[in-house]
Structure formats: C-alpha cells, structure tokens
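Below is one structure, written out as structure tokens; the observations come after it.
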Amino acid sequence: MTPILFLSGAGLRTWIWDDVRAALEVETRVAGRPGADAGLDEYADAALRTAEGWASFRVVAHSIGGVVASALVARAPERVSGVVAVCASVPEVGSSFIGALPVPQRYVMGLVTRVLGTRPPDSAIRKGLAARLEPELASRIVADFAPESKALYRDRVPERRFPASSTYILTERDSEYPAALQERYAARLGGDVVRLATGHLPMLEDPARLTEVIGRQ
C-alpha cells in the first residue's frame, strides 16, 4: 500500500498526527522542518528527505502545509500519487500563503509577520487554533507551538499540477479558515471535497473520522 507523508500546519509538532497515524494500516512519516531562515524550496527539500526510499507516496497536508505540498508536487510530480488537503491553504500559482488570504486578512497577516514574527500570542492560539480542544490539549498546543520561517508565508508557489486523485477536507466549524475560503482552496486543488464538522485541528478533535477519510482515498 502506498505510504503517506504528513505535512503539518504552521508551528505544530509531529505528535498532532499520532492518533491518525496509529490507526492507518500503511507506513507513515511526518515531514521534517528546515532551519529558521529557510525558504519554501527548503521546506519542500526537507519533506522529500523525509520520504527518502519511497518510490511514490501520498501527501496529507494541513493548513500552511498545503503551500509546501504545492512546492513538493512541483519538484517530484512522478512520486506524489495523491494529495489530501486538510483545511489547507492552496494558493494560485505565483501567489503565496499571505497572498492567498482575503482582504483585509492579507494585509494584517503581512504586517503581523513582518513586525512580530510567525508565533501568535498564547491567548490568540488558545482562542483561535485550539479553541475547540479540551483545555489540557489546548495547553499542549500552546506550549509546543514553534515559529516558522517568515519566508514560508511569503514565498510564491511554483507551477504545479496536483494529482487527479486528490481530496480537500473542509472543516465547517473552522475559525481560522472560513468555509468560503476553503472552498476557494478546494477548487484550486481539484478532486473531491469532504466536509467535517470540526475546527482547524480535526486530527485532534475527531481523529477517527479524519482517519476514515484519509484511509479510503
């Protein structure tokens, strides 16, 4: 069976995928991250190094991981057999994560990352990203959240063609990415759309349902 490479959202540790990975009957790995000043190309290279030894693999990309998936598909189209985008950002070719946001969020995010960096305040993580989690789990997300390279937010995605066997998982109760924005991203990915009644972290909020969707792709 085709192995799966997981691409995590911004700031999130590999453990967020533990329940999903444990329930899948295929080999899985979570992509490594490059250094603090790395660009999008270096993120894609780190992902490919994680997939070393696999002739082909599927990609499960969460949130900003969709940007890395774009670069990964462009670099190794013959190896990526399918993409499952989990409430993931899918910019147009030549645009970036920030550029793919609607106005005014685009300008706010650009200013915030330029001035304050890529780690939100603890209160913002707790009220946004981790809002639907149990308090103990939310606290772990806050404590473990690690800043990413600013370039990941700003670098433009290259020309790419996603595999026909791709699926977008739209999270209907997501305070980070509204459904209308995710629908735009899903249209750029192509393929099927599956809706989950969760917030932005379905791998923690409803891992069984997310595993079911990933497993049948």
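The values are calculated or read from the model by the stated rules, or taken from the named source; none is laboratory data. Everything numeric here is computed off the predicted structure, so don't read it as measured data. Don't worry about glycine lacking a Cβ; one is built from the backbone with ideal geometry, like all the others, and counts go over all protein chains shown. Heads up: the accessible areas ignore ligands, DNA and RNA and are worked out on the full protein's heavy atoms, side chains in. Shrake-Rupley method; radii C 1.70, N 1.55, O 1.52, S 1.80 Å.
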- Given region 36-131 reduced to its alpha-carbon atoms as identical point scatterers, what log10 I(q)/I(0) does the Debye formula return at q = 0.13 Å⁻¹? -0.54
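How large is the convex hull of the Cα atoms of region 33-74 per residue, expressed in Å³ as a whole number?
Working: hull volume 2.8 nm³, N = 42.
Given the Cα convex hull of region 33-74, per-residue volume reads 66 Å³.
Could you order MET203, MET1, MET109 so the one with the most accessible surface comes first? Probe is 1.4 Å.
Details: MET203 0, MET1 185, MET109 55 Å².
Heavy-atom accessible area, descending, gives MET1, MET109, MET203.
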- Message: Using Cα springs under 10 Å in a Gaussian network model of the chain, which residue among ILE169, ILE125, ILE98 shows the largest mean-square fluctuation?
- Response: ILE125
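Specify whether the C-alpha gyration tensor of region 167-214 places it in the rounded, prolate or oblate class, a ≥ b ≥ c being the square roots of the eigenvalues: rounded for a/c under 1.5, otherwise prolate if a/b is larger than b/c and oblate if not. Please list the in-between numbers first.
Values: a/c = 2.70, a/b = 1.25, b/c = 2.15.
Oblate.
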- Task: Might you tell me the accessible area per residue for region 64-123, computed with a 1.4 Å probe and given in Å²?
- Result: 40 Å²
- Query: With charges only on Cβ, +1 for K and R and -1 for D and E, what is the dipole size of region 96-217 about its Cα centre, in debye, rounded to 20?
  - Reply: 500 debye
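For a test of the definition: using alpha carbon positions, the gyration tensor, and the 1.5 limit on a/c, classify region 77-145 as rounded, prolate or oblate. If you can, show how the numbers build up before the last one.
Numbers: a/c = 2.41, a/b = 1.27, b/c = 1.90.
Oblate is the answer for region 77-145, as a/c is 1.5 or above yet b/c matches or exceeds a/b.
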- Item | MRE, 222 nm, helices only [DSSP H, n ≥ 4, -39500 (n - 2.57), over the chain, to nearest 500] | -11000 deg cm²/dmol
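Find the all-direction average of the projected area of the Cα convex hull for region 88-185, expressing the result in square nanometres with one decimal place.
Averaged projected area of region 88-185's Cα convex hull equals 7.2 nm².
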- Using only the Cα atoms of region 1-76, build the gyration tensor, take square roots of its eigenvalues as a ≥ b ≥ c, and label the shape rounded, prolate or oblate: rounded if a/c is under 1.5, else prolate if a/b is larger than b/c, else oblate. oblate
- Task: Name the long-range amide H neighbours of VAL30: under 5 Å, sequence gap of 5 or more, or other chain; modelled H, no Pro or chain starts.
- Result: PHE6
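At 37 °C and 0.692 mPa s, grab the translational diffusion coefficient of region 135-217 from Stokes-Einstein with a Kirkwood Rh over Cα pairs, rounded to a whole number in µm² per second.
On the way: Rh = 14.8 Å.
Translational diffusion coefficient: 221 µm²/s.
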- Accessible area of HIS62 in the full protein assembly, 1.4 Å probe (Å², nearest 10): 0 Å²
- Message: How long are the semi-axes of the equivalent ellipsoid of the chain, defined as square roots of 5 times the Cα gyration tensor eigenvalues? Whole Å, largest first.
- Response: 23, 20, 17
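Considering only protein heavy atoms and a 1.4 Å probe, what is the carbon-and-sulfur percentage of the accessible area of the chain? Let's see the in-between values first.
Details: 4860 of 9800 Å².
The C+S portion of the solvent-accessible surface of the chain is 50 percent.
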